Structure formats: structure tokens, C-alpha cells
Amino acid sequence: MVTSNPSPAPVADERIKERSSLRKALVRPELGGMCGTVLVFTFFLLTAFDSGMFTSQGVLNWTLVSAQFAIIAVGACLLMISGEFDLSMGSMIGFAGMMIAIFGVTLGWPIWFAIIVTFILCIGIGALNGYIVIKTGLPSFIVTLALLFILRGFTIFLPQTLERKTIIGGIRDVAEGDWLASLFGGKVLTGVFQWLGDAGVISTFERGVKAGQPVVDGVPMLVVWAIGLIIFGHILLTKTRFGNWIFAAGGDAQAARYVGVPVSRVKILMFMFTAFCATVFATCQVMEFGSAGADRGVLKEFEAIISVVIGGALLTGGYGSVLGAALGALIFGVVQQGLFFAGVESSLFRVFLGIILLLAVVLNTYIRRMITGER
Amino acid sequence: MSSPILQMKDIEKHFGPVIALAGVSVDVHQGECHCLLGDNGAGKSTFIKTMSGVHKATKGEILFEGKPMNFQRPRDAISAGIATVYQDLAMIPLMSVSRNFFMGNEPIRNIGPLKFFDHKRANEITMSEMSKMGINLRGPDQAVGTLSGGERQTVAIARAVYFGAKVLILDEPTSALGVRQTSNVLATINMVRKLGVAVVFITHNVRHAMAVGDRFTVLNRGKTFGTASRGDVSPEELQDMMAGGQELATLEGSLGGTV
């Protein structure tokens, strides 16, 4: 080891330009997402302020949608940084919801048991995705595309065979009072919101059975899961050894293997984590709707990938940020719901989304080149 | 001279019907730079991959510090103290210098039961090790992609040495570099050798080899003509041995000097 020689004091190099600390603070993967967030909020504050978008109910509305995107975006983000895709996420959402319904309603298992078995099953399928990708060396794009069809097929076939329908309801009844179901379907901080309502900070119902109760009576567990997953993903990626391995596996798998990074294990674990996120999404959705439908989660894989890319991650892996992906999800949710509040024809949402995606990718590419010196 | 730290005895490697190495013997001593020369296809890459545990020799013996070794995978060679720096697979350009430096060997800081990547320690060590090697970074979070090819090789060499490499194998570290960067890398090799590390320097450039080499082994068509010490051999002789004959001599005449 080279520890004996005293290290010479770093000398300023005339070839290195001094950079301002503002530039250092700003030039980071999340910059594109931050700019986009500011831009989108400014836009809707100016155009849709009076529409109810920024009342407590309006805020809840787009927060819920953004939180949905965020839950799947965190999984997709870590997986993308490790160099892989999961196109089966959307089908996994439909499949997981349907399995909970089949186990809990059709088979009549206790709902907590149904949820646990579904999680194990789906994470197992995630591991299978990863295992096939690693063992065959095929692009994950193709492997997970196959799983997209397989899982969707089962999601339609199973309820049709068992129940002769494609939507299974009655989940809310069986989930009533269940300890695990309340982790996905309940609300927290209800007391705080009651207090805020009493204090007049947020509006309350004026008539009817709910008179006096605040219109927003708590933070849905969906939002709690989203925030929890964002914090977990961010810390895992930036503050741990495993996070360094995620970057390394996606940056250059061979170089990482040469220095002893267990690349295959990292990638398979990320496939499993992505499946976990999809299952969290599905469980929250099933608890909210009280039913599972065979068409749930269609195109969600692309919404997750779009959020991640808006957030500054590189499609080919090795670069990105969970916070950026979360901002991407927020932008996505705010735009989708904001256009509705602003009364814009709903078909124009896609036009808007396309433009934002394009702008974000151009900006992110520019930022990334500044940071990494790519040419 | 002391006993060799690494001895490769009559190494043979067959890939199906192809005989890539037909009995190559090389020994490496502490603190020497042993140059392995050969033209493309001579078997240099196969030989160092056998040394670093990527390939398993078909026949022959590897002695490390006098003990026979049987490397099953690169990890075994690394933990024994044989580090390899590959020409284009040394670093990950998208990641910072500090993250690259500690890739696979991240320092850990415990907070309660949780283990975190100790960025502060990693950054400090990276900065001081880099300035020892004569590279001034803008900061430890500077991406490797912003470094030149020579600097990347130097970071990889510094990393291997920091993590206790006793034998450092450099796979054509200078072949893609400009003149100035090449001399920087050669200076780094010289520095590392003086620290007592055995350096195996693979190249097909005789001038680069002559600049830092103590001993020279030429590979040709999977065989070696033996090892020559510095001063016993001229660049022209090395060049001829690499080309495996006289046909280059006539060409050299018309081109005017060493290729």
C-alpha cells in the first residue's frame, strides 16, 4: 500500500478552470427535473389557479396521481441505472391486483395472507425476469416484453376461468379491519387534517353527514409508500456500497466484474425490487377501488420509464437519480391532472407529454455531458 | 536478485483445436518491470488472462510467492495480490473518480445497524492518492469521462496499488495514447515499480518497453524465445523477435528505423 509517503499538497492546475459553487450545486442529474417542476408549476399557477387545482382537494388529486407514478418510477429508475428495463411492470400491476382478488375473494383466504403470497409470487417473477436476462444475455427489453404478454394473458385468463368475468370486486369487504390491508388502503395523519380543517386552513364540508369534517381527511397510504420508496431508493443509490454497485453494473458490467462487483446479483435484485414496487402499486390500487380488473396497469411501464427519463436517467444505464425520477413523476402527474383542471381537451395531454419528454431529454443530455465529459 | 514473486512454468492453453500458448515460461520479481512483447495474435492476451485468473491453463504451473496457485476466477487472483488493468475496461466514465476508485472495495461507515458508503473517507483517499500520482482533480466527484485516456490508466494503476497489488499486470496501457499521455503512464509505471510492486507491462511498442523495462520476454505464435535483461538486447533485436523473422528488416530499411 502506498501510505508511507506523505502526500504532496494539491497544487492548483493551470489547466483546470475554477468553477463557481452555484454551478457545482446546480449541475447535477436532477437539474432537468427541477427546471421542469418549476416550469410546470409556474405554468399551471398562471393558467389554472382559479380552477380548483390548488385547493386542498385539487392538491390531493394531483398528489395521488404523482405518487402512483413515483412508486413505479423508483423501481424503474434503479433498474434502469443498473442497465436493464422492465417492460412487464404494467402487466405485473394487473397480475398482482388480480392475484390478490383471486386469493382473497375467490379462494376466501384472509386478505393479509393473500397480499403476502402475492408479493412473494410477484417478486419471484421479478427474479425470474432477471435470471433469464442474466443467463441468456438477451436484452431485458425482449425478455420482459415476453413477460408483458404472458402476465397480461394470465390476468385475463384466470378470472375468466374462475369467475367468468374480468373484474373481481368485493375486496373492500374482505379487507375491512385487516392489519396488512390498512397499510395499503388507509390514511394517516387524520387528526392533523381534522385540526387543520377546524382551524380553517383547509376547507370543510358544510352540509350532509360529513359536515364539519375536512374535505381532505388524511394522507393516503399510497402517498406514504411513494415518499418512503423515494427516500429508500435515494439513500440506497447514493449512500451505500450497493448503490455504487448499481451504478457500476449499469455503467460497464464487464469493468465492474473485473473489480469484483457481483453484477448478476445486483441486476437480479433490481428486477425483484421493480416487481416489489409494481406490487405495492397494485395493492394500493386494489384497496382503493375495492376490485381488481384485468386491464389495470396497461401502459404503466412506459409511464414509469417516461418519469425516470424526465428525471435525468440515461436509458442505457449507469447514470440517473431517484430524486430526479420522483420529480419526473411529479411533473407527469401535475401535467396530466393540471390539463384537466385547466379545461384543456384531454387528447391534447399526449401532445403535451410528448413535448415535455422531448424537452426534458434534450436538456438532460446537455446536463449529463457537462458532468461526465461525454462527447 | 531475490526469488521471483510470480512464476509461470510451461504454460499451455488450448482453445479446442487451437493452441494459443505452447509452453510459455515467465518469472516476475518484486520491483521490476517485466515487459511482455509480442505482435497481435502472439498470445499476449491469453497469457495475461491465464495469469489473472480469467482463463485456466491447459498445462503448466503457476507459482505465486513460491506456492502453486490454482486460480478459478479473477477474484482469486485479485485477492492473492495480482491486479490487472485492462486497456479500455479500467474505469467507468459515467461515474466519479472516487466512486470508480473504490468500486468493489467501498469503505463502510456504520450508523447503528446500517452500513453506509463512507464518501468522506473515499473522497479524501482518492484526492491524496491522485495527487501522489501527479493528477490534480477538480474534485473527487469529477466524472472519469472528463479525464484523458492516460489519466484513466493512472487512476486504475493507483487503485490497484492502493488496494495492495503485489503484481500489477498492465494490458497495453499505452497503445491508445498520445505521446504526452504515454510518457505520463510510463512515469507512473516507474513510480509503482520503485514502491516494490512487480509490474508486467504488455505492449507491442518496443520503444515504450525499452523506456521502463528491466527484463523483456518476447512472445511469438504462442512460444517464447526466453527472457533478456536490459542492456543485453537491442530494440532492433526485440523488434525482429516480435516479427518472428527477417521480413520486417527489409521493410524497416525502406521506412527508416524502428517501427
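The values are calculated or read from the model by the stated rules, or taken from the named source; none is laboratory data. Every value quoted in this text rests on a predicted model; they were computed, and no experiment measured them. Backbone-built Cβ (ideal geometry, glycine too); neighbour counts: all protein chains shown. Heads up: the accessible areas ignore ligands, DNA and RNA and are worked out on the full protein's heavy atoms, side chains in. Shrake-Rupley method; radii C 1.70, N 1.55, O 1.52, S 1.80 Å.
Here are some notes:
- If you go through segment A:328-366 and keep only what is of a type outside the set (S, T, N, Q) and not in a helix (DSSP H, G or I), you end up with A:A342, A:G343, A:V344, A:E345.
- Yes/no for B:K44 being more than 19 Å from B:L238 (Cα to Cα) and basic (K, R): no
- In the set (1) more than 9 Å from chain A (Cβ to nearest Cβ); (2) on the phi > 0 side of the Ramachandran plot, B:G164 fails one condition alone, (1).
- Failed condition for A:L45, given (1) open to solvent by less than 30 Å² (accessible area, probe 1.4 Å); (2) at pLDDT 90 or above: (1)
- Some residue of segment B:213-222 being in a helix (DSSP H, G or I), open to solvent by less than 50 Å² (accessible area, probe 1.4 Å) and in contact with a strand residue (DSSP E or B) (Cβ under 6 Å, 6 or more places away or on another chain): no
- Qualifying residues in segment A:302-343 (those that are open to solvent by less than 20 Å² (accessible area, probe 1.4 Å), under 10 Å from the mean Cα position of the chain (by Cα) and of a type outside the set (A, V, I, L, M, F, W, C)) - the one farthest from A:F141 (Cα to Cα): A:G328
- Residue match in segment A:280-291 (condition: crowded, with 23+ Cβ neighbours inside 10 Å and either at the interface with chain B (Cβ under 9 Å from one of its Cβ atoms) or acidic (D, E) (or both)): no
- Scanning segment A:274-313 for residues being closer than 29 Å to A:T365 by Cβ and outside any helix (DSSP H, G or I) gives a total of 4.
- Residue within segment B:127-142 that is open to solvent by 20 Å² or more (accessible area, probe 1.4 Å), at the interface with another protein chain (Cβ under 9 Å from one of its Cβ atoms) and over 21 Å from B:Q181 (Cα atoms) present: yes
Yes/no matrix, rows are residues, columns are (1) more than 21 Å from B:G81 (Cα to Cα); (2) free of Cβ contacts under 8 Å to residues at least 40 places away in the same chain; (3) in contact with a Pro (Cβ under 9 Å, 6 or more places away or on another chain):
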{"residue": "B:E151", "(1), (2), (3)": "yes, yes, no"}
{"residue": "B:A160", "(1), (2), (3)": "no, no, no"}
{"residue": "B:K166", "(1), (2), (3)": "no, no, no"}
{"residue": "B:V200", "(1), (2), (3)": "no, no, no"}
{"residue": "B:V218", "(1), (2), (3)": "yes, no, no"}
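- Residues in segment A:106-120 that are at negative phi and open to solvent by 50 Å² or more (accessible area, probe 1.4 Å): 7 in all.
- Residue that is farthest from A:F302 (Cα to Cα), among those in segment A:344-366 that are hydroxyl-bearing (S, T, Y) and open to solvent by 50 Å² or more (accessible area, probe 1.4 Å): A:Y366
- B:D141 fulfils the conditions (1) closer than 27 Å to B:I5 by Cβ; (2) modelled with pLDDT of 85 or more; (3) assigned to a loop (DSSP other than H, G, I, E, B) except for a single criterion, (1).
- Among the residues of segment B:69-108, those identified as open to solvent by 60 Å² or more (accessible area, probe 1.4 Å), assigned to a helix (DSSP H, G or I) and of a type outside the set (A, V, I, L, M, F, W, C) are B:R75, B:S79.
- In segment B:109-126, of all residues being buried (at least 19 other Cβ atoms within 10 Å of the Cβ) and more than 25 Å from B:A198 (Cα to Cα), the one that is farthest from the other protein chains (Cβ to nearest Cβ) corresponds to B:N123.
- Qualifying residue in segment A:175-188 (condition: over 24 Å from the mean Cα position of the chain (by Cα), more than 14 Å from every other protein chain (Cβ to nearest Cβ), in a helix (DSSP H, G or I) and under 25 Å from A:I100 (Cβ atoms)): yes
- Checking A:G218, A:G233, A:G250, A:G243 one by one, the residue that is surrounded by 15 or more Cβ atoms within 10 Å (Cβ to Cβ), at positive phi and under 22 Å from the mean Cα position of the chain (by Cα) is A:G218 and no other.
- The one condition in (1) over 29 Å from B:A243 (Cβ atoms); (2) more than 9 Å from chain A (Cβ to nearest Cβ) that B:F47 fails to fulfil: (1)
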